[in-house]
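Remarks on the structure that follows.
The values are calculated or read from the model by the stated rules, or taken from the named source; none is laboratory data. Predicted model only: the values in this text are computed from it and were never measured. When we count neighbours, we look across all protein chains shown, and the Cβ atoms used for this are built from the backbone with ideal geometry, even at glycine.
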Amino acid sequence: MTAAPVFQLSADRSELTLNWPDRSPSTYHAIWLRDHGQDTASRDPANGQKLLTATDIDPDTRIDSARVTRDRLSLTFEGGVSTWIDLQWLQRLSTDPRAEPPLIPDGRYTWGSALDPEEVIASYPDIRDNPGSLAKWLAWVDTLGFARLRQVPATPDALFEVIDLFGFVRETNYGRLFEVRSEPEPTNLAYTRVGLDPHTDNPYRDPTPTLQILHCLENTTSGGESCVVDGFRLAEILQRESPYHFSLLSRYPVTFRYHGDGKSDLNAVRPMLEMGPDGSLQQVRINNRAFHALSGIPFAQVTDFYAAYRHLVEISRRSDVSVSFRMQSGDLFIVDNTRVLHGRKGFTEQGRRWFQGAYADIDGLRSTLRVLRGGSAE
Ligand code: FE2
């Protein structure tokens, strides 16, 4: 921050505006400022957890006096309570209303076939040994939802060493990991030689695993290239081409189900395009194999729903949205399963193809990334 902002109080002292030197002004309610105070009586200095309870705050909070220094806003409220708040932290949590919330959440960047899969690749020894390299690799997962790795040991269970760098395995009915190779009596189409349309995994779980990791131990087949597609980009295109189709897929839920192994019956009822409370995309679920039933939609809109679904799938098959690459022994890729679809082309009878896959969760990955970057200013 180059210079301290100038502040002004509203006439009734219930709001305070900060006029930043390098961006548009931000206005805060007095009650919000009281709640976000960072003094040691308001927040535990050791862990940042809030010490105030909801009933400690006067519903008619007014500011008695304020003072801005280079890095702090200091406040005294009517009644005599004082606090302070870090200015950089205030900037990040600006409460200025936005006229139109963005479809894509802040900090995420959508991509199509122009994304070079060689640009998001790191070597395992490098990210294992260098925190800066690990942070860069995790940041690709955070912002793009996709990253690759080379030089992972081509040995069973080696993907756990990669997951240990940023978080924890999410164990499922498939186990701590699942083997992806052709099987004589497959319990899932993934374990055959057929191609797989781009999809997100496990939409029948609640919550869905938010990361998927696939590690190639062996690949001597012809074909079988892997591909990834940014589901947030698909949603952007769908909204641009047909706001009506977008509204149908974001409004009405689908029942996703899996009961293929004889001992599971997993079921989740969720929209294919799930929006967060702020109006931005939260998660996409695209997986025709698991699309069990459509219910809870008005009779008159069923045909339109199928047109919208077909439209979305057609967009996912366009050449300008997909990124393809061939996995070699020792390669690994990771996707944010809440947004990035993965698929593969069919492969031949000749040669062997052996992948191991596992799930993990992106909240742990983002936590590791924040810690590597030095944590928040709070
Ligand atoms: Fe999959």
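Structural remarks
- Breaking point among (1) within 16 Å of the ligand (Cβ to nearest atom); (2) out of contact with any strand residue (DSSP E or B) (no Cβ under 6 Å at 6 or more places or on another chain), for residue 371: (1)
- Subset of the range 21-37 [in contact with a Ser or Thr (Cβ under 7 Å, 6 or more places away or on another chain) and either aromatic (Phe, Trp, Tyr) or part of a loop (DSSP other than H, G, I, E, B) (or both)]: 21, 22, 25, 28, 32, 37
- You will find that of 6, 68, 81, the residue that is on the phi < 0 side of the Ramachandran plot and surrounded by 18 or more Cβ atoms within 10 Å (Cβ to Cβ) is 81 and no other.
- Qualifying residue in the range 313-334 (condition: buried (at least 20 other Cβ atoms within 10 Å of the Cβ), under 18 Å from the mean Cα position of the chain (by Cα) and touching a residue at least 12 places away in the same chain (Cβ under 8 Å)): yes
- Only one of the listed residues (95, 110) is modelled with pLDDT of 95 or more, out of contact with any Leu (no Cβ under 8 Å at 6 or more places or on another chain), within 30 Å of residue 141 (Cβ to Cβ) and not basic (Lys, Arg). That residue is 110.
- Just one of the numbered conditions (1) modelled with pLDDT under 95; (2) closer than 18 Å to residue 358 by Cβ; (3) within 16 Å of the ligand (Cβ to nearest atom) is not true of residue 214: (1).
- Residue within the range 57-75 that is under 29 Å from residue 277 (Cβ atoms), assigned to a loop (DSSP other than H, G, I, E, B), without any contact (Cβ under 8 Å) to a residue 40 or more places away in the chain and touching a strand residue (DSSP E or B) at 6+ places or on another chain (Cβ under 7 Å) present: no
- Lone qualifier among 261, 278 - being of a type in the set (Asp, Glu), within 16 Å of the ligand (Cβ to nearest atom) and in contact (Cβ under 8 Å) with a residue 24 or more places away in the chain: 261
- Counting only residues that are free of Cβ contacts under 8 Å to residues at least 40 places away in the same chain, touching a strand residue (DSSP E or B) at 6+ places or on another chain (Cβ under 7 Å) and acidic (Asp, Glu), the range 1-56 holds 1 of them.
- Remark: residue 362 matches the filter, which requires a residue to be at pLDDT 95 or above, among the hydrophobic types (A, V, I, L, M, F, W, C) and closer than 20 Å to residue 170 by Cβ.
- Applying the condition of being over 16 Å from residue 118 (Cα atoms) and part of a strand (DSSP E or B) to the range 318-342 and asking which residue is farthest from the ligand (Cβ to nearest atom) yields 336.
- Output for the range 148-189, where each listed residue is at pLDDT below 90 and either closer than 19 Å to residue 220 by Cβ or away from the ligand (no atom under 11 Å from the Cβ) (or both): 180, 181, 182, 183, 184, 185, 186, 187
- One residue from 105, 156, 101 being touching a residue at least 40 places away in the same chain (Cβ under 8 Å) and either among the small types (Gly, Ala, Ser) or in contact with a helix residue (DSSP H, G or I) (Cβ under 9 Å, 6 or more places away or on another chain) (or both): 105
- Test set (1) touching a residue at least 60 places away in the same chain (Cβ under 8 Å); (2) more than 16 Å from the ligand (Cβ to nearest atom); (3) farther than 30 Å from residue 243 by Cβ - residue 345 fails condition number: (2)
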